[in-house]
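One structure is given below, encoded as structure tokens.
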Amino acid sequence: MTKFSSITENNTIQLAFQKLHGEHGKILIVVNNKKSLIGVISAGDLRRGILAGYNLNDKIKNIYNRNATYVYQKELEEKKLVKSNFGSGSLGDTTFYVPVVNDNKEVKDIIPVERVLEILENKTHKIYDNNDKLPKILIVGGAGFIGTVLATRLLKKNYNVTILDKLIYDHKVIQTNFKNKKNFNFVLGDICDLNTQIKIIKEIDIVVYLAEIVGDPACNAKPEDALKTNYLSVLSFANLCSHLAIEKFIYTSSCSVYGLDKNNKLLNEKSNLNPVSHYARIKIMSEKALLSSANNNFKPTILRLGTVFGPSKRMRFDLVVNTMSKFAYYDNKIDIYGGNQWRPNIHVEDVADGIISIIKEKKENIGNQIFNLSNDKLNLQIIQIAKKVKSIFKNAKLNIIKISTDPRNYKVSSKKIKNKVGFIAKKSVEVGLKEINRMFKLKKITNPDNKIYNNLLSLK
């Protein structure tokens, strides 16, 4: 028997949201004073109600579905149902679950419509439980370096994934890598547009917010665009998600917020912030805005990412490890400036897996909190990274230029996410370098200087 919850039409929208918490894709059974079925309601119904002008304290009687499909327990047992009664459009928002009622219309169970069809077709019995319907995930900016890796891994785990992206870096990446993928939806749009925000959020359970103008050079080149994309759109979309009681809002910040640490200490989430760039200052503004928007139904999670490396379907060669790899392979040289600066590093697949660990974690363990997301074994000086690159690309010459133009210097601890969620980043720099080297040798990259591989060049 599948677990289900009931509610009356005089209960509030807020109570309905609370009862749906953690039951992705499920429905609430709406009953009368005799406990008989009179309708159903889903999170989508609730969100559309709010968008129509109702508030959390209003009753659900004006927004629940009174025409929901249901089956009689006796009919189901006797297989007297007609298969055509269960077409894809018959259930509205309750697409996957059907109430099973007795002669008095008291609900005894809810079962997936697929199970109804199996019974009718005498298929082998399959056990369904509360994990069969996974949450619908929106990746804002999902066509980028991290987003394409995250989407690929989520789809392999059978999550329903929607990517919203305006494709300013690589307009072919979605068509090339995600065409006709099951459980995948792509929306071409700009998260800065309020109409797009309202349109995209209606059927979503969890938001992963990746959209931004990334990195110090790109933000310095387009400071006003960076403010709009990296801060104002985050603030407005978070407020919308808070209003609609979106279960999880995962925002990727950056360890750049720590900026310059002259003491070379291992920094945690409570350490002082010392930003030295426009990019990092905007990240701090966004973090504060998100945490201030939290309420009982909306508790965002902030992940401060280390410097990311490794191959992706939307490759970047403006990141430390990846940049060194490109020059080492194609130009047989590795130029570093200074070299003593510390950086925390993490493989892009570990970033994706870290985000997935937050998606799967109980809301109370990660809500309204900040986590460093890096690999604790990969707090490295730039010179140390360069030597690792040379160990893989042996023909490259290492050139050390003593003058450094980048003042950032920080090491971080990701102990909190390990203790709270159990996540530990695994992939080493050497593994990432070998993957990139293999990609070069297989000629998966034909022109590494193409602007699509560089965020700054793509914006010019």
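With contacts taken as Cα pairs under 8 Å and at least 6 residues apart, the chain reaches a relative contact order of 13 percent. Computed from label points 7 Å out along Cα-Cβ, the spacing between residue 368 and residue 102 is 4.3 nm. Taking the number of Cβ atoms within 10 Å of each Cβ as an exposure proxy, the fewest-first ranking of 37, 291 is 291, 37.
Computed extension gain for residue 171 through residue 266, at 0.36 nm per residue and net of the alpha carbon distance, reaches 30.2 nm.
Taking a ≥ b ≥ c as the square roots of the eigenvalues of the Cα gyration tensor, region 272-314 is classed as oblate, since a/c reaches at least 1.5 and a/b does not exceed b/c. Among 451, 362, sorting on how many other beta-carbon atoms sit within 10 Å of each Cβ, with the fewest leading, yields 362, 451. Listed by chain and number, the lysines placed with their C-alpha closer than 24 angstrom to that of residue 262 are 270, 283, 377, 387, 402, 411, 415, 416; residues fewer than eight positions away on the same chain are left out. The distance between label points at residue 394 and residue 225 comes to 4.3 nm (points 7 Å beyond Cα on the Cα→Cβ vector). Between residue 253 and 303, 304, 305, the built amide H atoms are under 5 Å apart, and every one of these is 5 or more places off in sequence or on another chain.
Residues 301, 446, 12, 307 in ascending order of nearby Cβ atoms (within 10 Å, fewest first): 446, 12, 307, 301. Subtracting the Cα-Cα distance of residue 10 and residue 415 from 0.36 nm times their residue separation leaves 141.2 nm of extension gain. Taking 7 Å steps out from each Cα toward its Cβ at residue 188 and residue 157 produces label points 3.0 nm apart.
Each reported figure results from applying straightforward, stated rules to the coordinates on display, with no laboratory input. On a predicted model such as this, the values are computed, not experimentally measured, just so you know. Heads up, the Cβs are rebuilt from the backbone with ideal geometry, glycines too, and the neighbour counts pull from every protein chain shown.
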